[in-house]
1. Considering only residues of the stretch 38-51 that are closer than 20 Å to residue 163 by Cβ and in contact (Cβ under 8 Å) with a residue 40 or more places away in the chain, which is farthest from the ligand (Cβ to nearest atom)?
2. Are there any helices (runs of 4 or more DSSP H) wholly within the stretch 1-120 with 2 or more residues that are modelled with pLDDT of 95 or more, and if so which?
3. Residues that are within 16 Å of the ligand (Cβ to nearest atom) and of a type in the set (Lys, Arg), at least 2 per element: which strands (runs of 3 or more DSSP E) completely within the stretch 277-355 meet that?
4. From 214, 243, 269, grab the single residue that is at pLDDT 95 or above, surrounded by 13 or more Cβ atoms within 10 Å (Cβ to Cβ) and within 10 Å of the ligand (Cβ to nearest atom).
5. Which residue pairs have Cβ atoms closer than 9 Å, lie 6 or more positions apart in sequence or on different chains, and pair a first residue in the stretch 226-248 that is under 12 Å from residue 104 (Cβ atoms) and free of Cβ contacts under 8 Å to residues at least 24 places away in the same chain with a second residue that is in a strand (DSSP E or B) and β-branched (Val, Ile, Thr)?
6. If residue 123 passes every condition in (1) assigned to a loop (DSSP other than H, G, I, E, B); (2) closer than 26 Å to residue 213 by Cα but one, which one does it miss?
7. Which of the residues that make up the stretch 205-231 are in contact with a Ser or Thr (Cβ under 7 Å, 6 or more places away or on another chain) and in a loop (DSSP other than H, G, I, E, B)?
Amino acid sequence: MGIGAIIIVGAGVVALSTAYDLLAQHPATRVLIIAAELPTDPASSWTADYASMWAGAHYRPIAPSTPQLRAEFALAQNTHRMMKRIARDKPESGCGFMGAVEYMENPGERELQLKSRDIFAGEGDGFRVLSPEELPDKVKWGCEYDAYCIDTQKYCQWLLHQIQKTGQVRVLRRQLSQVLDAFEAAEAVNFPKAKIVVNCSGRGFGDPKSKIVRGQTVLVKQQYHKSVTRQCADGSWTFLIPRPNMGGTIVGGTKEEDDWRSEPRESTRKAVLQKAVECFPYFVDDVSQFEVIRDNVGRRPFRDGGLRMELEELDGDRRIVHGYGAGSRGYELSWGIAGKLVKLLEQATVSRASL
Ligand SMILES: Cc1cc2nc3c(=O)[nH]c(=O)nc-3n(C[C@H](O)[C@H](O)[C@H](O)COP(=O)(O)OP(=O)(O)OC[C@H]3O[C@@H](n4cnc5c(N)ncnc54)[C@H](O)[C@@H]3O)c2cc1C
């Protein structure tokens, strides 16, 4: 089936994975990416709104305890399969496979029911529930499994390079006021035949259901070899996310709802590093040993009710395929989202052809 010419708004992990999957399945498609920010921009210019540049990123499976989490669970499993292949075949992508450990001070019913050898992250993940002797003080439940970690900036640059190599992709830097402006912007640069826009703008152009959760983390030079997460009884989180290929380790982090501060807080940096020393004493002995490379501040693009993945029919023969609102899970759901958006694009193309 021919897909023709498609405009994709956004150049975060969701947009780039969608473009990649679209071109893998429909190589003759012509794609115009329109985005205010790109992964190839100088790092100093990325705003906190460009969430993909500031993510950890690791994959932490979440038990499918609600309809939304059940849908996300399927997207995460698809993504896990693809990331496993990328880590194996394309280590230069910034995606790497490694051990992961979870500690919970206050586990939920779903975690307590899990048994070793259950599938947690994805097939063949070596899932094992830790014995009480293996748990640190105050931790009531823990497990280990194999999963991927991503050097996010490198990975998005790699994705962009892969799709540009096909010769089918043009990139236009443009801040749009509304998603519909993408059609005019495309016409203006002589990309005239596109009747479908894929909206991967993160927060969806003022969707009232969109909201942000600020995250602050620290990239340190010290290299850890496993992704480790501890959920504390007070609701806070402490984690280490190694960046593959000796890219250092992300120490995190915060989840601050509706906090729009773009600059890092010195007090937060201190608290995050101190907590990491307390929770993971085998990483460094003392805060003063950390060699800080950079503070990261980003706004996670949350949406009430979860991701919007939907085909919107406009008047005439124009369509929008929405794909935004990935919250704190954009990387770990990315290939699942991309697959779903490509299906919606196929559906949009069929419905247009039958007009
Ligand atoms: C501190 C932190 C840690 C995180 N850790 C993880 C993790 O471990 N695992 C995980 O899976 N996820 C993690 N996330 C979440 C993840 O970063 C997001 O879910 C993901 O990046 C969302 O990707 P996106 O492509 O939807 O949006 P974005 O990355 O925000 O990209 C949006 C794109 O749309 C463009 N755009 C937006 N508005 C306009 C406009 N008006 N005109 C033109 N272009 C526009 C932007 O320029 C950009 O190119 C973390 C996030 C943060 C902040």
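1. Checked the stretch 38-51; the qualifying residue farthest from the ligand (Cβ to nearest atom) is 40.
2. Once the helices (runs of 4 or more DSSP H) in the stretch 1-120 are filtered for at least 2 residues that are modelled with pLDDT of 95 or more, what remains is 13-25, 67-89.
3. So the answer is 292-303.
4. 214
5. Final answer for the pair search is 237/229.
6. (2)
7. 222, 223, 224
The values are calculated or read from the model by the stated rules, or taken from the named source; none is laboratory data. As the structure is a prediction and not an experimental result, all values here were calculated from the model. Counting neighbours? That spans all protein chains shown, and the Cβs are built from the backbone with ideal geometry, glycine included.
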